[in-house]
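What follows draws every value from the coordinates through simple rules; no lab data is involved. Please read all numbers here as calculations on a predicted model, not as lab measurements. Neighbour counts are summed over all protein chains in view; Cβ atoms, including those assigned to glycine, are modelled from backbone coordinates with ideal geometry.
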Amino acid sequence: MEATFLSQLANELLINSSESLYQTTIVLPNKRAKLFLIEELKKQSNETFLAPQIISIESLIEEIAQLRALENIELLFEFYIVYLELTEQSKQQDFERFSSWAITILQDFNEIDRYLVNQNELFSYLLDIERIKHWTPNINNQSALVENHLEFWKLLPTYYDTFTQHLLLKKVGYQGLLYRKSAENIVSFTKQLENKSYVFAGFNALNNAEETIIKHLLENNKAKVYWDIDAVFLKDEFHDAGLFLRRIKKTWKHFESNPFNWVMNEFSKEKNIEVIGTPKSIGQAKIAGKIIEKIAQENSSLQNTAVVLSEENILIPLLNSLPAEVENLNITMGYPSKNNPAQILIFKLFNLHLNAQKRNQKQSVFYYKEVLEILNNPLVVSSVNANEVVKIIKNSNLTFITEKRLTDLFTRYNLQNNALVSLLFFDWQGSITQILDKLKAILIFIKEHLNNQNEQDKVTKAFVFSIYNIIIKISNYYETYQNIDTLEILFSIYKQVIDQAQVSFEGEPLQGLQIMGILESRVLDFENVIITSLNEGKLPGGKSNNSFIPYDVKLEKGLPTYKERDAIFTYHFYRLLQRAKNIYLLYNTHSEGIDAGEKSRFITQLEIEHLPNHHFKKVFYNAIKPDTIYQPIEIVKTESILNRLKEIATVKGFSPSALTNYLRNPIQFYYQRILGVRENEEVEENVAVNTLGTIIHEVLEKMYQPFEGKNIQIKTVDIENMIQNIEAYTLEKFIEVYKEGEIKKGKNLIAFEVAKRNIYNFLLQEKLNLENGDELFILSLEKEHAAEITHPNLPYPIRIAGKVDRIELRNNTIRIIDYKTGKVEAKKLKIATFEGLTLDLANDKIIQLLCYALMFQKSEWKGNYNVEVGIISFKNMKAGFLPFTFGAPRSKDVETVITPEFLELFTEELVILIQEILNPDVSFKEVI
């Protein structure tokens with residue numbers, strides 16, 4: 001690769017001041033570039049020499065200001081101390097509410113000081129604006145809300161002054177305060193320098209404090225400045241990449257008589273620029289991996305290759321997409337701690353216990369989903385086998401679980417003494433110190449149980465360690481400040497620390513592939529550059545402005561706006577491309593979802609500029625669309641499947657629901673009947689439809705059971721007694737079927753009332769029928785019935801078996817009844833021909849009813865009674881008993897009595913369906 005900025009800087013330093021280099025301090029925009037500069041000095045010198053001190057601009061500012069910079073959370077605590085001193089006790093907010101607006105105020109204080117703005121003028125300006133907004137002719141009748149609002153703006157100068165003095169007394173400050181004090185101290189600081197000098201290299205946008213410091217050092221011959229700007233950007237008055245340096249070149253007096261070093265001519269040289277559009281972040285990660293593989297194969301090295309990520313979330317997908325050619329890797333960007341798997345566990349723990357304590361102050365009451373999220377967390381599963389506890393929670397419909405009940409469950413399966421279980425679930429109502437100690441113990445436990453030899457566990461251990469450090473930091477805050485007095489405030493502090501924290505990775509800083517963010521790329525140059533997520537809102541970032549200071553006021557007072565921020569990132573983007581030879585710009589083409597957006601204006605700008613030596617190529621990658629989106633599952637009948645079918649058909653028997661299930665979807669029949677696969681048991685937070693149906697069936701069975709098979713005619717008074725027991729019986733069956741699920745409130749209470757109403761309507765209809773002269777005897781309730789079919793077209797006798805809800809003798813006619821909690825209409829139970837009956841799913845209820853009739857024909861009840869089969873629909877109760885009918889369409893001349901001829905015709909059709917099920921040449925095919 002040709003000369004980089006740092007190699008030119010190293011050369012300049014060695015030529016001009018090699019003997020006194022140890023007295024020179026090099027100031028760079030970030031700390032990372034220090035290692036690369038030292039490496040360049042080593043490469044270019046054959047002699048031993050004392051290296052210069054290399055520091056970041058922040059370190060220099062701390063040195064000049066003689067103050068220590070505090071972290072943002074510490075600043076919040078310090079500000080809260082000042083806030084409490086200045087605010088009447090009756091108006092004081094708790095720390096959580098205070099922090100919601102104090103963070104923004106601190107950001108504004110920071111900007112005001114960095115740009116050396118007269119704070120009193122600005123605050124007075126802001127107060128006048130707010131007064132105008134809320135102006136009223138009768139100023140004495142302002143609402144309390146407006147008065148409190150204006151009071152806040154009146155207090156801003158006092159907050160600022162008192163807070164500043166409070167920090168200065170402790171020799172600490174926020175970054176902006178350090179910058180203001182540095183600008184004030186620069187004169188005295190310069191006088192003490194003696195032979196020491198400074199070299200500022202690679203800077204672009206400077207705030208007013210930085211300008212004051214650098215200009216003063218230049219005027220006193222104590223500093224040199226080396227810029228890194230290309231002539232293309234500097235000469236173009238409208239190019240944002242040169243916005244700040246054009247102004248510095250024009251306005252700084254120093255450059256009237258001194259050269260403006262350095263203006264390069266690198267950007268206009270030959271470059272290969274490939275713009276690649278692909279859907280989603282994963283697609284970009286995969287393509288980036290392919291590009292890296294190609295570069296490694298062509299150059300046999302990735303030494304001068306960098307991947308710049310415009311959004312951090314793409315890091316893990318990218319790491320999973322790297323080719324085997326990547327031997328050395330250095331990640332200099334932090335991964336957001338909020339996406340850390342250990343953080344997700346701690347976050348869910350906070351939610352679990354906060355919500356549990358809110359439900360009950362005396363003892364914790366846990367929500368089952370939150371408990372299961374903890375027990376099923378991968379970091380917990382590796383140490384705690386709670387499968388049986390999870391199964392009981394699901395099977396018993398434990399929606400809310402008391403701490404005592406959870407203790408009993410863990411004790412039953414010898415988990416109560418498990419160290420991790422105890423830390424996760426119990427005794428979280430103690431002091432903040434105890435809770436922090438628990439969190440640290442949880443993380444240590446998990447870390448110790450990870451496998452040191454497993455690469456995945458090594459990464460997980462780094463995640464766990466990063467969260468452990470955050471808990472240590474919060475513990476230190478707690479010891480220093482006494483404002484964390486509740487679990488809610490502790491959680492609030494944790495979330496704020498997490499939002500700012502990042503996981504750091506170890507790597508080879510000077511070797512192999514470099515993965516970084518855009519800010520980490522400052523002053524570094526690479527031959528091959530891959531930039532991802534080049535979309536509006538990602539790079540550049542957009543117009544978000546988290547500040548109490550309006551846009552027009554910022555313009556008036558010289559404070560930066562989103563326009564300046566965009567110009568900063570424009571410079572970083574173009575500087576990264578400046579010396580690169582091969583450039584790959586990736587962006588998301590997907591126009592929907594949270595990570596969507598149009599391609600970055602930077603891409604459009606490059607296309608419009610299109611310098612002669614820039615070779616442009618535009619490519620779009622889309623997922624390959626198969627001819628068929630989904631291929632239905634097909635299971636060929638093997639010998640073992642055929643044997644299993646024979647076992648079912650001859651021993652257990654095909655139930656009517658199994659036969660209609662086959663019609664509905666043969667593959668579902670295969671899973672449920674052949675393999676015996678059942679749906680995963682889940683907690684019924686709300687009573688499911690099938691559960692409601694079960695409860696109604698069982699209540700009616702219990703009510704009619706005293707009359708079953710006893711030749712006792714049911715009277716009106718019997719039905720009246722049943723009506724009196726609806727409440728008690730329904731509650732009993734709810735508890736029996738729904739187990740420990742909550743039934744006294746919410747949707748479940750509605751379901752309970754619906755069940756009672758359905759039963760009441762059924763009994764009311766029954767009573768009305770009896771009053772109208774019906775004679776009713778109950779022959780059987782919820783009993784198994786079976787029939788054997790022997791036919792020449794069947795390989796062996798087939799058993800049909802199933803449970804019939806109710807068989808009754810009513811007015812000398814036997815009725816075989818199936819209860820349906822859904823709505824059924826009479827027309828759905830009518831056919832004009834038996835031909836093709838069992839091949840149409842629309843006939844599923846008729847097939848089921850005729851199977852019952854077939855089974856009844858073989859049963860113990862025989863006599864001279866007519867037999868009817870039908871449905872009682874609880875959502876169509878007014879229609880009463882809906883019988884199976886045979887007759888021409890729209891004809892009133894229909895048959896409802898089941899005749900031997902009907903059963904023979906139905907049997908022939910049923911044989912056709914069973915033949916297909918048993919046919920070895922007919923596969924089980926999924927219906928989609």
Cα-based helix-to-principal-axis angle, 280-299 vs the chain, degrees rounded to 10: 50
Extended-chain gain in nm, criterion 0.36 nm per residue less alpha-carbon gap, Lys892 and Thr650: 83.0 nm
Of Lys31/Lys473; Lys391/Lys823; Lys495/Lys563, those spanning more than 26 Å from alpha-carbon to alpha-carbon: Lys391/Lys823; Lys495/Lys563
Gyration tensor verdict on region 71-170 (Cα atoms; rounded if a/c is under 1.5, prolate if a/b is larger than b/c, oblate otherwise): oblate
Using alpha-carbon coordinates, inclination of helix 33-44 to the longest axis of the chain, degrees: 50
DSSP bridge orientation in the chain - percent antiparallel, rounded to nearest 5: 35
Straight-distance crosslink candidates among lysines, where the alpha carbon sits under 23 Å from Lys290 and sequence neighbours closer than 8 are dropped: Lys271, Lys280, Lys538, Lys581, Lys599, Lys617, Lys618, Lys625
Helical contribution to [θ] at 222 nm, DSSP H n ≥ 4, -39,500 (n - 2.57), averaged over the chain, rounded to 500: -15500 deg cm²/dmol
Sparse-neighbour loop sites [GluC sites (Glu not before Pro); region 780-876; at most 14 other C-beta within 10 Å; DSSP]: Glu825, Glu835, Glu860
Karplus (6.51, -1.76, 1.60) ³J(HN,Hα), θ = phi - 60°, over region 424-436, in Hz, Gly and Pro reported as x: 6, 10, 10, 6, 9, 9, x, 6, 4, 4, 5, 5, 4
Inter-site label distance for Glu151 and Gln605 at 7 Å from Cα along Cβ, in nm: 4.8
Environment charge at Gln705 (Cβ cut-off 14 Å; Lys +1, Arg +1, Asp -1, Glu -1): -3
Stretchable slack from Trp101 to Thr833, in nm (0.36 nm times residue separation minus alpha-carbon distance): 255.9 nm
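Shape verdict for region 382-483, please, from the Cα gyration tensor: rounded (a/c under 1.5), prolate (a/b greater than b/c) or oblate.
Here region 382-483 falls in the oblate category.
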The chain: angle of helix 746-771 to the longest principal axis, Cα-based, in degrees nearest 10: 20
Length added when fully stretched, Ser547-Gln500, from 0.36 nm per residue minus Cα-Cα: 15.1 nm
Prolate/oblate/rounded label for the chain (Cα gyration tensor, a/c 1.5): prolate
Whole-percent pair-distance distribution, where bins are 10 Å wide, for the alpha carbons of region 307-462: 9, 34, 30, 17, 9, 1
Separation in nanometres of the label points that stand 7 Å from Cα toward Cβ, at His590 and Asn812: 7.3
Cα-based radius of gyration of region 402-543 once divided by 2.2 N^0.38 Å, which approximates compact folds: 1.45
Exposed chymotrypsin sites (Phe, Trp or Tyr not before Pro) absent: longest stretch of the chain, with sites in DSSP loops and at most 10 other Cβ within 10 Å deemed exposed: 239-629
Sparse-neighbourhood loop sites, trypsin sites (Lys or Arg not before Pro) in region 352-455 - DSSP loop, at most 15 other Cβ within 10 angstrom: Lys362
Rh by Kirkwood over Cα pairs, then Stokes-Einstein D for region 1-76 at 1.002 mPa s and 20 °C, µm²/s: 153
Qualifying GluC sites (Glu not before Pro) for region 37-74 [loop in DSSP, other Cβ within 10 Å: at most 11]: Glu47
Approximate spin-label separation Ile750-Ile723, in nm, with each point projected 7 Å along Cα-to-Cβ: 2.7
Dimensions (Å) - region 273-371, Cα atoms, principal axes, largest first: 69, 28, 20
